[in-house]
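Let me begin by presenting the structure, written as structure tokens, before commenting on it.
The values are calculated or read from the model by the stated rules, or taken from the named source; none is laboratory data. No experiment lies behind these values; they were computed from the predicted model shown. Using ideal geometry, Cβ is built from the backbone for each residue, glycine included, and neighbour counts are taken over all protein chains shown.
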Amino acid sequence: MNQKRTLRFKFILGFFIVTTPLIFFLFYNNFYAMNVVRAEVSQSYYNFLETQVSSLDQTLEETNNYILRLGSSDFSYTNLIPLTLYPKDNGDYFMAKQWLLRKFDDDLSVYKGIKTFFVYSKKNNDMISVKKSYEDTQEFDGVLYSFFEQHKNDMDTQNWTVTSWNDKFYLVRVIPISPNEINRELYVGALIDINHLIQPLRQSNFGNSGKELLLMSNTGTSLIETTLSSDNVNEIVKKLEHNEMKYVSFTKSSSGSKYMLVGLPFQYAPISLAVFIPEKVVLQKLLYFQRLLFLLPIGLIIILVFYLLFVKNVLLRPMNILIKGMQSIGRGNLDVRLGDHSTKEFSFLVETFNKMASQIQSLKINVYEEMLRAQKAEFNHLQAQINPHFYLNSLNIIFSLSVLEENLLVQKMTQHLGDYFRFITRSHRDTITLAEEIGHIENYLEIQKLRFPEKLTFQITIPGMYKTYSISPLIIQPFVENAIIHGMDKGKAVFHIAIAVRQSEASSVCYEVCISDSGKGFAPDKLQMFQAGQYAEGQGSGDKHLGIWNVHHRLRMKYGEAFNILFENGARKGAVVRLIIPKQSPYEEQGDL
């Protein structure tokens, strides 16, 4: 048998045959030319960034001076004092507020890069800023109230501060004002939308040929949309911090491409502006390579023709065979199989392809069978939701009560029965609130109390904090039904059911629904079977425990292995079932039941 050569060996051999004569000739000149081009390009971008950063720094400085003047000038100070002395509904407070709004509105036309100026009265919790629209109100209040909440203990900011809200970044400058004996009840500041601040810069020549701007905080967070990963941004911040050259090189983690980066920090804000350019863009205009293309066109064409023939025989032809096989699989022809190949890699791919085709063919049959089983289980579940015996017994009770002219009890029974069937016939939603589920159980137990007067009592305990947690519908009812059907003694003893919702002791992220009764409890063999989970696998139980299996199956589909169902007998008597369910975000009801 012939020794098969690896595809890697053939590619390496072909590469060296084609490129070795050129590598030694071009290496030194290529290295020298790239360094020269990098230096010239980086100087050009450095000068550009220096101009832009200086312009933006000037905007920040002028805005900073404006805020300081507003907080220290006698005229402004006099108009700010009423905001600290009077409540919001006072006339002097209102006049001072209107004066500030007019002044801010006039001054915003001068300071083009500013989103808004504001004054915050801590005493009245009032944010005074110029808002042109409802969207401005939502944005300004959201950003500024969030900022003051985050910095309530360190408001003596000496410079601009980066903050974020709704995935957008802003610059905020705040100074406290303390007139007379009032201690830090008033703050004056300015808000800048970073995207709005650098909008003129975005309208320049950036964005073409792969060039991209990067505005980042000193903590390594990108403040504008970028294709770089967070690791790349952190790497760039560290490189710029310790770099003495005008540019740095880095590799983009998402694509593995090499880039040249030029960056400068701002003087008045903890941010830096940078531009990164693909190496291929920087080096594409090297004159040496252009001349080389003119000198070696014929030689390169001949080499290319032979190399393409080589690649076609080694790679493209077997690849096309593999692609055609995949296309046949995609069209549903699962009987397709590929022949062997001369390289180890393609032999492995062909063998794997043939195995996968066989597995897909088997899996398709298994999926179809599983769908049939799921449909059968769903049908049985729908059947189990409306128990005809329960329905008939309820009608007999209504009939008996009407004969006895117990009209109030008939009304009560009819109301509970209507609520009960309204719930189960509309339980198509994936989730409901725990309060809705407990309300349904309460209806069911009230009906049973009318069915077994003087023999059944129940108690439901659910703290308010658990009522809005979401749960799948009809999760608790099967266990309550089983307790009444299998646990109630036929004698005169009163049967009591207790349902309690509480924090799970096993996990802080779960809560527990405990259903306990005062009945006969689980028989030892049944308890052992339930604790072993045999109801979930249907081992020998047929449809007898369909309700428990249904609950287990639905909880497993929803929560995976995070849930649990525990069975035990009570300390004195009776059965206890505990459902351990993960907490989820409060369920927002989309419609009435």
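Going by what's in this entry, would E135 be described as in contact (Cβ under 8 Å) with a residue 24 or more places away in the chain and part of a helix (DSSP H, G or I)? In short, no. Scanning the range 471-494 for residues that are among the charged types (D, E, K, R) and either touching a strand residue (DSSP E or B) at 6+ places or on another chain (Cβ under 7 Å) or within 17 Å of E436 (Cβ to Cβ) (or both) turns up just one, D489.
Of Q448, Q459, all but one fail to be modelled with pLDDT of 80 or more and not in a helix (DSSP H, G or I); the exception is Q459. Within the range 519-531, residues that are among the basic types (K, R) reach partners that are part of a loop (DSSP other than H, G, I, E, B) with beta carbons closer than 7 Å, at six or more positions or on different chains, in the pairs K520/D489.
A single entry from Y466, Y444 fulfils the requirement of being closer than 17 Å to R422 by Cα and buried (at least 18 other Cβ atoms within 10 Å of the Cβ): Y444.
Restricting attention to the range 452-496, the residues that are of a type in the set (D, E) and within 45 Å of the chain's Cα centre (by Cα) add up to 1. The condition of being under 32 Å from the mean Cα position of the chain (by Cα) and more than 18 Å from L171 (Cα to Cα) holds for only one of N153, N124, N90, that being N153. For A384, state whether it is at pLDDT below 65, in a helix (DSSP H, G or I) and surrounded by 14 or more Cβ atoms within 10 Å (Cβ to Cβ). Spelling it out, A384 is indeed at pLDDT below 65, in a helix (DSSP H, G or I) and surrounded by 14 or more Cβ atoms within 10 Å (Cβ to Cβ).
Listed by first and then second residue, the pairs linking a residue in the range 326-352 that is under 18 Å from S362 (Cβ atoms) to a residue that is of a type in the set (S, T, Y), with Cβ atoms under 9 Å apart and 6 or more places separating them unless they lie on different chains, are L334/S328; L334/S358; D335/S328; V336/S328; R337/S358.
If you filter the range 481-497 down to residues that are outside any helix (DSSP H, G or I) and small (G, A, S), you find that the one that is surrounded by the fewest Cβ atoms within 10 Å (Cβ to Cβ) is G491. In summary, no helices (runs of 4 or more DSSP H) completely within the range 58-111 bear 2 or more residues that are in the same structural domain as P265 (by TED's automatic domain parsing) and closer than 30 Å to F266 by Cα.
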